[in-house]
Each structure stands twice: as structure tokens, then as C-alpha cells.
Amino acid sequence: MAAEPLWLVAANVVRWRRYGDGGQELRPGTKAYRGGSKVHVVGTYGGMGHEELTTIGRGRHTGAYITIDMATRNLHTFRPVAVYSPAVLRRAAAVGVDGSWATREHAEELTALLARLAARYREEHWGAAPHPVPCRCHDCLSPA
């Protein structure tokens with residue numbers, strides 16, 4: 001019997017992120033995920049202002065699904081999605097996500113919140129530092 005689908009927030013990992021002293025170095029993706037990878041958000045830390053999220057996605061090195069906490073600023077293009085993948089549903093159940101949390105309405109509200117916060121956290125983290133030349137960070141690659 002197939003598990004019931006859950007509504008979760010999907011996002012993509014930034015292709016390039018600023019790194020190092022003053023953000024002058026660029027690194028592709030994150031340590032755990034390739035740039036552009038699709039991840040599903042299964043938990044947030046509201047008391048910390050949603051700066052960290054628990055995500056499920058395919059890992060950079062193995063291609064197998066992993067569950068990790070990561071910075072919100074390293075994600076973009078948040079959207080609500082109905083998840084049918086048995087591997088994602090098993091991992092979501094393992095961290096305590098069930099149908100009461102993963103509703104469409106909740107996913108839509110969380111999507112709007114996380115999209116605003118991710119942009120704000122990127123700006124706060126590197127806002128005062130000049131961009132490297134040429135810059136391929138998410139903000140410079142995104143259409144204005």
C-alpha cells in the first residue's frame with residue numbers, strides 16, 4: 001500500500017555561494033548538496049528565526065537521499081509541492097513529519113516566509129562586503 005502524499009516545501013540549492021574572508025571566494029553548491037539540487041524542507045527552527053532548515057535531498061557525493069540541517073540563505077526558489085516519492089516520505093516520517101504538519105496551506109505559508117527570509121539572510125550575511133569580480137553568486141546571477 002502506497003503512503004499518502006505530503007505537501008512539503010521544495011527549494012533549490014544556490015549554484016554558487018560566497019565564501020571566505022569578505023565573501024571573495026565562490027564555491028559551488030554546499031558541502032552536502034550540488035548547486036541547483038532540489039531539496040524538500042521537512043522542519044524549521046522558528047525560535048532561531050528560521051535561519052536553519054532540516055532538508056531531504058540527494059547528497060553531493062553518493063546520490064543517495066540524505067537528511068541534514070542547512071542554512072536558509074543557501075536555498076532559493078521555494079515552492080509548495082505534493083511529494084509522492086517513497087524515499088522522501090520515509091525520511092520525512094523518520095523526522096516526525098505527518099499529514100497534520102504537511103498540508104497544502106501550511107506549505108504555501110511557509111513558502112512565502114522562507115522566500116523572504118532567504119533573500120534577507122543572504123543580504124545580511126554578505127551585504128556589506130563587495131562582490132568578487134566576476135561574481136556568480138545567486139544574487140548576481142538572478143534577474144533583478
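The values are calculated or read from the model by the stated rules, or taken from the named source; none is laboratory data. Everything numeric in this text was worked out from a predicted model, so none of it was measured. Positions of Cβ are backbone-derived with ideal geometry, glycine not excepted, and every protein chain shown enters the neighbour counts. Calculation scope for accessible area: heavy atoms of the full protein, side chains included, ligands and nucleic acids excluded. Shrake-Rupley method; radii C 1.70, N 1.55, O 1.52, S 1.80 Å.
Assorted remarks:
- The range 78-121: number of residues that are over 14 Å from residue 57 (Cα atoms), of a type outside the set (A, V, I, L, M, F, W, C), open to solvent by less than 80 Å² (accessible area, probe 1.4 Å) and not in a helix (DSSP H, G or I): 6
- Scan of the range 20-52 for residues that are touching a residue at least 40 places away in the same chain (Cβ under 8 Å), among the polar types (S, T, N, Q) and open to solvent by less than 60 Å² (accessible area, probe 1.4 Å), ordered by number: 30, 44
- Filter result for residue 63 (at pLDDT below 95, at positive phi, open to solvent by less than 30 Å² (accessible area, probe 1.4 Å) and assigned to a loop (DSSP other than H, G, I, E, B)): yes
- Number of the condition not met by residue 55 [criteria: (1) of a type in the set (Ser, Thr, Tyr); (2) open to solvent by less than 30 Å² (accessible area, probe 1.4 Å); (3) modelled with pLDDT under 95]: (3)
- Members of the range 7-19 found to be over 9 Å from the mean Cα position of the chain (by Cα) and surrounded by fewer than 23 Cβ atoms within 10 Å (Cβ to Cβ), listed by number: 7, 15, 16, 19
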